[in-house]
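Here's the structure we're looking at; comments come further down.
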């Protein structure tokens, strides 16, 4: 059992080592660390639920290269993210910025449920009670329940 765990750990280390090509890395460790931090917030547009730091898709490699170029050009993190947003849309960020459109997307479903509950409450509150049976209907019901012919 321990041997399997050890082999799995070694395989994971080799996979992580292979995931990042040393030739792509920036020569300045501070710039590379900054680029890696940005990678974690940029979505792979192919995988959609992975950051470009975790993805091995070709587009993720291109995006990593693009971010490294922007970092080495001296642009700030916000400028790099805005460049990516301008080019690919806000979906490229794993944590989108707060905006009125995003607020509507998050609050909209709750508002719809609240409006439905309010409508249901109003309908239940304002419904009219069932009318009483007339004497003729009551007699007919009594005969049916006792099995007498109509």
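All of the numbers you see were taken from the coordinates with simple rules; none came from a lab. Small disclaimer: the values here were computed from a predicted structure and weren't measured. Note that each Cβ is placed from the backbone with ideal geometry, even for glycine, and that neighbours are counted across all protein chains shown.
Can you tell me the order of 89-98, 53-62, 106-115 when each peptide is scored by its average per-residue count of other Cβ atoms within 10 angstrom, highest first?
Details: 89-98: 12.5, 53-62: 15.5, 106-115: 9.8.
The packing order, highest mean first, is 53-62, 89-98, 106-115.
Measuring how big the stretch 100-146 is from its alpha-carbon positions, Rg and Dmax come out at 22.4, 67 Å.
A simple spin-label model places pseudo-atoms 7 Å from Cα toward Cβ; at residue 144 and residue 37 they are separated by 7.8 nm. Relative to one another, the C-alpha centroids of the stretch 44-62 and the stretch 75-150 are positioned 37 Å apart.
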